[in-house]
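Worksheet: one structure, shown below.
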Amino acid sequence: MADHSISIHGAHRAKHLLVVTLAVALISGCAESDPAAVRLDAESAIPDWRALLDENLTRAEPLQPIVFPADLASHPEASAESFSVRGVLVDQSDALISVSAQIDRIRLRNESAQRSSEWDYSSVFRAQAALGKEAMTISPSQELIARGALGLASSELGSIRVGLNTLRMETTVATDNPCLARLSFTNRLPADQLLQFSSELSDCPVAASVGDLLNQWEVSAVALTGDLQGQPVTGVVWISHTWGELPQPGGAILLDQLRLKLDTDEGEAILINANRTKRRSGRGPVTVLASRLTVEGESEALELDWIDKGSITSENTGINYAETYRVTQAGLNLDLQLQPVVPMSEIVDAFGTRWSGAVKISGSHTGIGFVDISPNVPGKSKD
């Protein structure tokens, strides 16, 4: 662990602490013998998914303010819902592994009561996962799309299922703590791997309501231990749950996200979240809104600079991404270099193309983090 200076076991905090177990193991012979898996393979290739989003998206009803523990459950009444896990693992050889998994549900509608086609159903679901090990040039990713009308996916109170991928959230009854809950997640993408974790939530995560369109909560830097293809691993993940109205695709404004866990000499981690907005064209202002999560679980605003350094080009799409990132913050004496665990962590899925992967941190502090980048115009370098 000395090479990466990652303090995994120092991530425990009194507030917002989840005890997570993550297990990944090989599965053989499932797709050939499982009729449901054959149907799932057929469902995974839906050519006009984006057209459905553009034309048939149901506008969400105004959302109720976040009240715990209500938002620990799934929200079938929302037009769109997403649950994501993003983080970094460390194996026995101290190699870093970038991991992300996400389940989405989008409610659609028929434009005409007389219309009859293969798209006559209420919801379409998506499960997506990516796993990439340090020093690899490609971050393998898989995606599965399934229709609720065929019984391949469902969204019920407290659970979302897409094929063999499931998310379940259960509140604990008869307790004085309204946030106490159990959360379990199973992801079977790629088909030869099984990703599972369960967690105990003892405190309310950081939450936000954005007008009447979007609700979201997030839990930062959750410590985990587990198994990756028969080998022990440790790590941390960032867990988020979002529901409301899906942003329109092809918008002019893009959003990048940065999640950091920094080590300190005192053994207390510094947790920083940052969102960066920019124009799709690459021209115009860039705005960074950042915050630090205190030990008490409060969000404290920060003035933070986040700059892309260098350029690496995707062989698949021709899009240029940053080789590294520099993050500075005067008040905390931060001058950080963020090095991607997997240099080309490009993901192409139903929602477009982006860079999404874990980073290792050096400079004034050591640590780990996760970065999501929405690219500018394909083939154009970032400013």
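Listing for the model above:
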read-out	value
Selected residue (criterion: farthest from the chain's Cα centre (by Cα)) from residues of the range 181-215 that are farther than 23 Å from Glu143 by Cα and free of Cβ contacts under 8 Å to residues at least 60 places away in the same chain	Gly211
Residue in the range 288-311 that is touching a Ser or Thr at 6+ places or on another chain (Cβ under 7 Å), over 27 Å from Val90 (Cβ atoms) and β-branched (Val, Ile, Thr) present	no
Any hit, the range 200-214, residues being in contact with a Phe, Trp or Tyr (Cβ under 9 Å, 6 or more places away or on another chain), within 29 Å of Pro343 (Cα to Cα) and buried (at least 17 other Cβ atoms within 10 Å of the Cβ)	no
Strands (runs of 3 or more DSSP E) contained in the range 121-203 and holding at least 2 residues of a type in the set (Ser, Thr, Tyr)	153-156, 165-171, 181-187, 193-201
Strands (runs of 3 or more DSSP E) contained entirely in the range 306-383, each with at least 3 residues that are farther than 20 Å from Gly132 by Cβ and acidic (Asp, Glu)	none
Ser311, sole failed condition from (1) exposed (fewer than 12 other Cβ atoms within 10 Å of the Cβ); (2) under 27 Å from Val236 (Cα atoms)	(2)
Filter pass, Ser184 being within 16 Å of His241 (Cβ to Cβ) and in contact with a Gly (Cβ under 8 Å, 6 or more places away or on another chain)	no
Out of Gly318, Gly310, Gly297, sole residue that is at pLDDT 95 or above and on the phi > 0 side of the Ramachandran plot	Gly310
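The values are calculated or read from the model by the stated rules, or taken from the named source; none is laboratory data. This one's a predicted model, so the numbers in the text were calculated from it and none came from an experiment. Virtual Cβ from ideal backbone geometry, glycine too; neighbours counted across all protein chains shown.
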